[in-house]
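The next block holds one structure in the form of structure tokens; read it before the comments.
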Amino acid sequence: MSNVKNIILKSFSTGRSFFRYKSTVYALSSGLGKCGVAVIRVTGPRAESAIQKMTKSQSSGLPKPWSVQLRNIRHPISQEIIDKGFVLWFPGPKSFTGEDCCEFHVHGGAAVVNGVLEALSSIETFKLAEPGEFTRRAFLNGKLNLTEVEGLADLLQAETEAQRKQAFLQCSGALSNLYQRWKQILTHSVAHLEAYINFDETETLENGLTELVVKDIEVLLKEIGTHLKDGHKGELIRHGVKTVIIGEPNVGKSSLMNLLCRRPASIVTPISGTTRDVIEVTLNISGYPLLLADTAGLRNSSQDIVELEGMSRTLDMYEKANLVVLVVNFSSYLTWCQLHKDSCLKNYIISYTESLGVSCLIKDDPECHTIQFNKECIVVMNKMDLDSENIFNANFEGNVVKMSCKTENGVSQLVDVLAQHLKSLCGDPTQEHPSMNQQRHREQVRKCQQNLELFMNEVAKNEGSDVVIMAEYLKNAIGNLGKLIGTVTSEEILDVIFSEFCIGK
């Protein structure tokens with residue numbers, strides 16, 4: 001708790017009032033808009049008086065803790081009944097914030113909600129909560145650590161099943177438990193080293209004490225290395241998998257975009273080069289978040305300055321993409337086959353990507369007879385409705401899909417293939433193997449890894465190694481983990497994290 005006091009004292013010195021965290025605050029916690037039931041939450045040292053003044057509970061007393069009681073809710077000054085609703089009482093420290101809390105569950109009409117909020121504002125010293133203030137108080141009172149707070153923020157923003165699952169695991173402590181375990185190993189190791197430093201010359205210590213520490217650090221380094229080599233799966237789930245549709249002009253990219261999002265997001269015309277800018281939509285594919293971008297068609301013959309800028313943006317999106325959907329025109333493929341006397345799909349795709357200026361998409365492996373990509377890629381052979389004689393009998397792999405945007409044949413197969421790629425990219429976070437999902441996490445874990453590597457470098461000096469320096473590296477690594485879970489932090493970091501919350505949470 002000393003760290004919490006330091007945070008509060010620092011916030012006081014930087015202008016954030018110390019008394020803000022000693023005041024009683026209130027807010028609507030169930031979101032804006034008409035609804036059946038609205039929840040208005042109050043927390044702080046005077047939360048009890050909110051019930052007393054707004055329900056005349058001097059005679060009936062406070063509700064039984066953690067139970068529901070139906071009462072008339074009145075204005076503290078005029079005593080006019082605003083609504084009839086449920087009142088709940090959560091005495092600290094067994095509450096979400098760790099403070100005394102209460103909730104008013106009232107009808108969700110705007111007039112009722114505004115009436116209750118106005119009534120609370122009339123109580124002396126009560127203040128409207130700032131964004132994230134309830135959760136911030138929970139953090140300051142030790143009810144949540146920092147990674148759990150971030151998980152809660154993600155849970156509130158989750159739009160897909162994968163995002164919900166990852167966020168719930170994190171706010172339930174899956175990630176912080178991992179870092180806490182690492183921190184305990186390091187703390188134990190530092191204690192051994194300091195015992196060696198302080199008592200080795202005067203006391204008989206357990207033989208091989210430092211050797212045991214080194215073995216523990218070697219094991220921990222491997223675990224951290226595995227944790228970092230996760231393909232950024234957690235970030236992809238949290239932010240969405242960036243997917244770009246590329247191909248020649250008028251090959252069906254915008255039609256494909258509209259089919260996948262089931263609305264006219266992109267303009268479709270018979271005129272070549274209709275799409276000039278990047279058009280992005282967010283989709284939920286089998287529970288995974290997909291950020292899909294329709295782009296300007298790629299070709300080498302244009303002199304149009306606007307189209308050239310569009311193609312430049314296409315290539316920029318391609319470089320940043322996690323997944324590529326390469327759209328091919330079936331009739332263009334047939335023409336190429338007749339011209340080159342070659343029906344090999346791999347050879348055509350190599351030629352096709354070279355003409356688009358994305359030849360780096362294909363792996364250069366002459367011994368391999370299948371299509372191998374440097375990036376996750378799906379090939380869509382569009383306009384298959386033109387293949388009335390079933391000429392195209394290529395041996396399809398999992399990343400090549402036949403379809404027709406005109407007849408919509410093949411759309412379900414494309415969605416299935418997209419889902420397979422998304423699952424491969426994002427993985428499936430579990431309690432035993434939680435994923436990092438923010439750059440802040442990765443940065444501190446890397447710094448922890450670097451400090452442990454410096455420790456091992458010092459160990460490698462053998463007779464010349466300095467145990468005091470070794471212990472210092474481990475302490476620095478502990479500090480990195482402390483910044484992850486919030487035992488060591490700064491007001492600036494807290495402001496950034498809690499700014500993502502809405503008022504009432």
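Can you tell me which residue in the stretch 346-378 is farthest from MET317 (Cα to Cα), limited to those that are out of contact with any Lys or Arg (no Cβ under 7 Å at 6 or more places or on another chain) and open to solvent by 70 Å² or more (accessible area, probe 1.4 Å)? Talk me through it step by step, then tell me what you get.
Let us first name the residues in the stretch 346-378 that are out of contact with any Lys or Arg (no Cβ under 7 Å at 6 or more places or on another chain), namely 346-360, 362-368, 375-378.
With the extra rule that they be open to solvent by 70 Å² or more (accessible area, probe 1.4 Å), the set shrinks to 354, 360, 363-364, 366-367.
Values: GLU354: 17, CYS360: 14, LYS363: 20, ASP364: 23, PRO366: 28, GLU367: 31 Å.
Across the stretch 346-378, the extreme among qualifying residues is GLU367.
Looking only at residues in the stretch 492-505 that are part of a helix (DSSP H, G or I) and modelled with pLDDT of 75 or more, which one is surrounded by the fewest Cβ atoms within 10 Å (Cβ to Cβ)? First the steps, then the outcome.
To start, the set of residues in the stretch 492-505 that are part of a helix (DSSP H, G or I) comprises 492-498.
Then drop every residue that is not modelled with pLDDT of 75 or more, which leaves 494-495, 497-498.
Details: LEU494: 20, ASP495: 14, ILE497: 21, PHE498: 18.
Selected residue: ASP495.
Sort out which residues of the stretch 212-232 are under 17 Å from TYR179 (Cβ atoms) and either in a helix (DSSP H, G or I) or of a type in the set (Ser, Thr, Tyr) (or both), and write them in order of number.
ASP216, ILE217, VAL219, LEU220, LEU221, LYS222, GLU223, ILE224, GLY225, THR226, HIS227, LEU228
Got a number for residues in the stretch 312-345 being open to solvent by 50 Å² or more (accessible area, probe 1.4 Å) and β-branched (Val, Ile, Thr)? Full working, then the answer.
Of the residues in the stretch 312-345, the ones open to solvent by 50 Å² or more (accessible area, probe 1.4 Å) are 312-313, 315-316, 319-320, 335, 338-341, 343.
Adding the requirement that they be β-branched (Val, Ile, Thr) leaves 335.
Matching residues across the stretch 312-345 total 1.
For the stretch 417-462, which positions are among the small types (Gly, Ala, Ser) and in contact with a Lys or Arg (Cβ under 7 Å, 6 or more places away or on another chain)? I'd like the intermediate steps shown before the answer.
Applying the first criterion (among the small types (Gly, Ala, Ser)) to the stretch 417-462 yields 419, 424, 427, 435, 460.
Within the stretch 417-462, GLY427, SER435 qualify.
Among the numbered conditions (1) within 31 Å of the chain's Cα centre (by Cα); (2) among the charged types (D, E, K, R); (3) at pLDDT 95 or above, tell me where GLU133 comes up short.
Going through (1) within 31 Å of the chain's Cα centre (by Cα); (2) among the charged types (D, E, K, R); (3) at pLDDT 95 or above one by one, GLU133 breaks only (3).
Considering only the stretch 52-74, I want to know if a residue exists there that is open to solvent by less than 70 Å² (accessible area, probe 1.4 Å), touching a strand residue (DSSP E or B) at 6+ places or on another chain (Cβ under 6 Å) and in a helix (DSSP H, G or I).
From the stretch 52-74, those open to solvent by less than 70 Å² (accessible area, probe 1.4 Å) are 52, 54-55, 57, 61-63, 65, 67, 69, 71-74; that's our starting set.
Checking which are touching a strand residue (DSSP E or B) at 6+ places or on another chain (Cβ under 6 Å) leaves us with 54-55, 62-63, 65, 69, 71-74.
Filter once more, keeping what is in a helix (DSSP H, G or I): 54-55.
Yes: one or more hits.
Of everything in the stretch 416-454, what is open to solvent by 10 Å² or more (accessible area, probe 1.4 Å), more than 14 Å from VAL241 (Cβ to Cβ) and more than 22 Å from the chain's Cα centre (by Cα)? Give them in sequence order.
Listed by number, the residues that qualify are ASP416, GLN449, GLN450, ASN451, GLU453, LEU454.
Take PRO93 and tell me if it is open to solvent by 30 Å² or more (accessible area, probe 1.4 Å) and either of a type outside the set (Lys, Arg) or within 30 Å of GLY486 (Cα to Cα) (or both). Walk me through how you get there before you give the answer.
On the way: open to solvent by 30 Å² or more (accessible area, probe 1.4 Å): yes; either of a type outside the set (Lys, Arg) or within 30 Å of GLY486 (Cα to Cα) (or both): yes.
Criteria met by PRO93.
From the residues in the stretch 31-47 that are out of contact with any helix residue (DSSP H, G or I) (no Cβ under 8 Å at 6 or more places or on another chain) and open to solvent by 70 Å² or more (accessible area, probe 1.4 Å), which one is farthest from THR125 (Cα to Cα)? Outline the logic, then answer.
Let us first name the residues in the stretch 31-47 that are out of contact with any helix residue (DSSP H, G or I) (no Cβ under 8 Å at 6 or more places or on another chain), namely 31-33, 35-37, 39, 46-47.
Now restrict to residues that are open to solvent by 70 Å² or more (accessible area, probe 1.4 Å): 32, 37, 46.
Numbers: LEU32: 25, VAL37: 27, ARG46: 9 Å.
Of everything passing the filter in the stretch 31-47, VAL37 is farthest from THR125 (Cα to Cα).
Being farther than 18 Å from GLY287 by Cβ and of a type in the set (Lys, Arg) is the filter here; which residues of the stretch 134-172 pass it?
Residues satisfying the conditions are ARG136, ARG137, LYS143.
Filtering the stretch 259-311 down to residues that are more than 20 Å from SER404 (Cα to Cα) and among the hydroxyl-bearing types (Ser, Thr, Tyr), which residue is surrounded by the most Cβ atoms within 10 Å (Cβ to Cβ)?
TYR288
Name the helices (runs of 4 or more DSSP H) wholly within the stretch 406-490 that hold at least 1 residues that are modelled with pLDDT under 90 and more than 21 Å from LEU175 (Cα to Cα)? Outline the logic, then answer.
On the way: elements: 411-426, 439-459, 467-485.
Passing ranges, in order: 439-459, 467-485.
The values are calculated or read from the model by the stated rules, or taken from the named source; none is laboratory data. Please read these numbers as outputs of a predicted model, since none were measured by experiment. Note: ideal-geometry Cβ built from the backbone for every residue, glycine included; neighbour counts use all protein chains shown. Only protein heavy atoms, including side chains, enter the accessible area calculation; ligands, DNA and RNA are left aside. Shrake-Rupley method; radii C 1.70, N 1.55, O 1.52, S 1.80 Å.
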